[in-house]
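The values are calculated or read from the model by the stated rules, or taken from the named source; none is laboratory data. Everything quoted here is computed from the prediction, not taken from an experiment. Quick reminder, even Gly has a Cβ in these numbers, built from the backbone with ideal geometry, and neighbours come from all protein chains shown. Quick note on the areas: whole protein, heavy atoms, side chains included, nothing else; ligands and nucleic acids left out. Shrake-Rupley method; radii C 1.70, N 1.55, O 1.52, S 1.80 Å.
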Amino acid sequence: MYAALFLAPWLLMYVVSTMAMNHRDLFEKRDAPAPKPLGKEREVSYNGSFPEKADARMMGRQILASLELEGAFQVRREGAALVISRNDLLSPRRITYTPTDGKVVVERMPNPPHAFLEKFHRRRGYDTGYGVDTVWAITVDLFIAGMIFWALSGLWMWWEMKVTRRYGAFALLAGLLLFAFFVVTI
Amino acid sequence: MKFSDLNRRAHLYLGLGLLPWFFMYGVSSIPFAHNAFFEAMDKAKNQPLWKVRLERQYDAAVPEDPEQLREFGRATLKLVGIEGTNFGAFRQGPDQVNIYSYTFFNSTQLKYFPAEKRLRVEDRRFRWDHFLTGMHARGGFEQKGWLPSAWAVVVDLFCVASLIWIGSGIYMWWSIRQSRGWGWVAIASGLVAFGLFVVLL
């Protein structure tokens, strides 16, 4: 019970985001006519140098640190430019570094509620290299263990209550049959 | 019947009826959360993921319109004997169109190269982690046909049931006076930790 109360916000987030993803077409249709443009936040000069043989990821990490925007990110090269997508949950940003003139442009990306929820749902953590993401990933593992534990303990608790065994068995059997039907036919 | 009894029954029977989904979402989250581990494990087998089923000459105009492209995908799948599956058709560039067909057990991709008038059909090797993650990620009402829509309706039902579990669980906790103190500690610490993640992630 206490684990469930502690993890209730995780369950709530996963449930609400699942509903948003299940009805993604509604949100996409609504946003399709006029996608929001990126808002320019700042433009700065970057004078730092990179270690020899630094790859794009290493360079991205260094640029983010200099901007005090450290955290999970993806990086890609677009011609000579380095484009960093900083996966900040509340304020996702695109950071473009152009080595020819040493300029760094920081732009805020649109973050409508359904996109925020979907990003939160898909958030992983172990491979980002940032401590807070690793801790998040551990809580996700805890939540997974909690779900499996709730399912098994729920079964046990139902079996312990003799008065509900019959209707419970009917509900369980109906669920299993429906699930098996979907597994075979879809 | 008192409200507390109704609440407990709803909590129990909804839980039992949707237990396979609850269990599936829980177990299938493991390969999502530990993707690198499962990929490394599969890589160690040293087996190709995709196997070419057939390669043939094919000449068809590729439509620009997304709806028509989808119909093109449906017709091309039918040509190689695949019908009634979930699928998607995507342009990879001017010289390639990919059509993906997927069921819980099988995945097939068709690659059409219009310039070469060539069609390649590849089947994906079965993997348990893909089976589970495919089931986990299935949803939405974009696919035609009653079966995918029925699954999406059950996903919605599962979400509503989960909201009821949260509400009914909190009500049941509140009914047990001696556990209120530690319950508050659990709720407050969960909210604070979660709030911190929202801000810091």
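Bridging of residue B:2 to lysines at a Cα separation below 26 Å is possible for A:162, once same-chain residues fewer than 8 apart are set aside.
Once backbone amide H atoms are built at 1.01 Å from N, residue B:34 has no partners under 5 Å, excluding neighbours fewer than 5 places away on the same chain. Scaled against 2.2 N^0.38 Å for its residue count N, the alpha carbon radius of gyration of chain B is 1.42. Sorted largest first, the principal axis extents computed over the alpha-carbon atoms of the stretch B:50-124 equal 31, 25, 19 Å. The listed residues A:150, A:136, A:159 rank as A:159, A:150, A:136 when sorted by accessible area, largest first, using a 1.4 Å probe.
Among the aspartates and glutamates, which have Cα under 15 Å from the Cα of residue B:144 when same-chain residues fewer than 8 positions away are ignored? Answer for residue B:144, where 15 Å is the Cα cut-off: A:25, B:67, B:71, B:83, listed by chain and number. If you sort A:50, A:143 by accessible surface, 1.4 Å probe, largest first, the order is A:50, A:143.
The Cα-based radius of gyration and maximum Cα-Cα distance (Dmax) for the protein assembly as shown are 24.4, 76 Å.
Using the Cβ-Cβ distance between residue A:169 and residue B:64 with R0 = 45 Å, the FRET efficiency computed as 1/(1 + (r/R0)^6) comes to roughly 0.25.
Taking every protein chain into account, the 1.4 Å probe leaves residue B:70 with about 50 Å² of accessible area, to the nearest ten. The A-B contact accounts for approximately 5200 Å² of buried accessible area, totalled over both chains at a 1.4 Å probe radius. To put it simply, the accessible area of the stretch B:50-124 at a 1.4 Å probe is 49 percent carbon and sulfur.
Largest accessible area first, the residues A:155, A:26 order themselves as A:26, A:155 under a 1.4 Å probe with ligands, DNA and RNA left out. With θ taken as phi - 60° and the Karplus curve 6.51 cos²θ - 1.76 cosθ + 1.60 applied, the whole-hertz 3J(HN,Hα) list for the stretch A:109-121 is 8, x, 9, x, x, 5, 5, 4, 5, 5, 5, 5, 4 Hz, x standing for glycine and proline. Projected over all directions and averaged, the alpha-carbon convex hull of chain A occupies 15.8 nm². If you line up the long axis of helix A:2-22 against the longest principal axis of chain A, both from Cα atoms, how many degrees apart are they, to the nearest 10? Computed tilt is about 70 degrees.
The H on the amide N of residue A:71, modeled in the peptide plane, is under 5 Å from the matching H of no residue at least 5 residues off or on a different chain. For residue A:133, the accessible surface of its heavy atoms amounts to roughly 0 Å² (probe 1.4 Å, protein chains only, rounded to the nearest 10). Principal-axis analysis of the Cα atoms of chain A puts helix A:165-185 at an angle of about 50° to the longest axis.
Legend: calculated FRET efficiency, residue A:181 to residue B:163, from the Cβ-Cβ distance at R0 = 22 Å, rounded to 0.05, equals 0.30. Remark on residue A:103: its backbone amide H falls under 5 Å from those of A:46, A:98, a criterion applied only to residues 5 or more positions apart or on other chains, H modelled at 1.01 Å from N. Karplus-based coupling profile of the stretch B:195-201, in residue order and whole Hz: x, 4, 4, 4, 6, 8, 6, with θ = phi - 60° in 6.51 cos²θ - 1.76 cosθ + 1.60 and x standing for Gly or Pro. Remark: the stretch B:71-150 carries 48 Å² of accessible area per residue (probe radius 1.4 Å; ligands, DNA and RNA excluded). With helices as the sole contributors, chain B gives -19000 deg cm²/dmol at 222 nm; each DSSP H run of n ≥ 4 counts as -39500 (n - 2.57), and the sum is divided by every residue.
The C-alpha atoms of chain A define a longest principal axis, and helix A:131-160 lies at about 10 degrees to it.
Solvent-accessible area of residue A:147, probe 1.4 Å, all protein chains present, reported in Å² to the nearest ten, please. Accessible area of residue A:147: about 10 Å².
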